[in-house]
Structure formats: C-alpha cells, structure tokens
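Visitor: Have a look at the structure that comes next, please.
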Amino acid sequence: MVVNYSDQDILKADKSIYLAGPTPKDADFIISWRKMACKLLEDKGFDGVVYVPEHSDWKNKYIYDEQVSWEMEALGRASIIVFWIPNKYPDKLGYATNAEFGYWLKNGNILYGRDKCSKKTKYLDWLYELEYNIKPFDNMEDLLDEAINKVNNNDFKFIKKM
C-alpha cells in the first residue's frame, strides 16, 4: 500500500481509495481518523494507493487553492471514494465534506459511513440511501472491507439505481 498525501504529487494507480471526510482543524490536539483508516487498510493488505487529503506530517499548513486542486484531481482519479463522517457536534461538522459528498454522490463510486453517534448526518444518510439503495455503514472497518472488495473486483460503478 502506498499512501499519497496532499503535499505530494498525485500518483496514478489502477487501484485506489480516496479517504474523504472531515479533517481535524487542530492537528496538535485531535488525531485524524485517517490515521486509523490507513492502519486498517494496511493491516488488511490493501495493495493500491490511498489518497489522503492531509499533509504527510499530519499538520494543517496548506495553501487553500493548492489543497482543493489536489483534492479535486485525486478524487477524480480514485477508483472509489470512501466518505467517513465521524461528526460529533460541535467540533467536527464537516461543512466542506457535506458539499464534497453532494458533488460526488452521483459519480457512482461512493461508499459512505459514519459513527452510530454522529450528529447532523440524517440528510446525507437519506441522499445515500436514495441514490445507492443501501444504508450507510456505521463501522469504519466494515466500510473499508467493502471498499477493498469493490476495488479488488473492479466493481467501481455499483449499486446505482437505474
């Protein structure tokens, strides 16, 4: 597995997962959920590229235009986009994530999950169920297992209702 951070050039890959969701604003005090996701993907033997829209040192010191340009390109290249939204009011509302979710929802290669105790995700849940005809995942490990399965089986455009 290769982790491709937003302070690096974007890698091209046949198999890739983009980890979409809220980024902690204070990296000195809040550990990014993406660290655990990367560890789980590595432990599960994922052998593709994982796009992480954070710097390799896990610090928030990006230039806005460069960051969002990197994110848009990596999102467009990803085999699958995994949204994990660990919203816990009021510290992780994920306003940008909500917009990103809506922007990519009809792409057909989204998997979405959130903590059981997440707040303010009812509309995202409803949209995901409407578009993909499945319930959101409420366990990160199950979400990542499904992502690996979809990527390994070239099943990128899935579940989409006709």
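Each value in this text was obtained by applying a stated rule to the coordinates, not by laboratory testing. Predicted model only: the values in this text are computed from it and were never measured. Here Cβ is always computed from backbone atoms with ideal geometry, including for glycine, and neighbour counts include all displayed protein chains.
Visitor: Near the amide H of Lys119, under 5 Å away, which other amide H atoms are found, from residues 5 or more places off or on another chain, if H is placed in the peptide plane?
Guide: Answer set, sorted by chain and number: Asn87, Lys88, Tyr89.
Visitor: Right, here's the next one. Work out the length of the dipole vector of region 2-152 about its Cα centre, built from +1 on the beta-carbon of each Lys and Arg and -1 on the beta-carbon of each Asp and Glu, and round it to the nearest 20 debye.
Guide: 400
Visitor: Here is a follow-up. Starting from the amide H of Phe137, placed 1.01 Å from N in the peptide plane, find each other amide H under 5 Å away whose residue is 5 or more places distant or on another chain.
Guide: So Phe137 has HN proximity to Tyr112, Gly113, Arg114.
Visitor: Once phi is turned into ³J(HN,Hα) by the Karplus curve 6.51 cos²θ - 1.76 cosθ + 1.60 with θ = phi - 60°, what whole-Hz value does each residue of region 112-124 show in order, with x for glycine and proline?
Guide: So the J values, rounded to whole Hz, are 9, x, 7, 4, 4, 9, 4, 9, 6, 10, 4, 5, 4.
Visitor: Which residues make up the longest stretch of the chain that has no trypsin sites (Lys or Arg not before Pro) in a DSSP loop with at most 11 other Cβ atoms within 10 Å?
Guide: Between exposed loop sites, the widest span is 62-115.
Visitor: Give me, ordered by chain and number, the residues 5 or more places off Tyr5 or on other chains with an amide H under 5 Å from its own placed amide H.
Guide: Distant-sequence amide H within range of Tyr5: Val52.
Visitor: Turning to a different aspect of this structure: Rounded to the nearest angstrom and ordered from largest down, what semi-axes does the equivalent ellipsoid of the chain get from its C-alpha gyration tensor (root of 5λ)?
Guide: So the three semi-axes of the chain are 21, 20, 15 Å.
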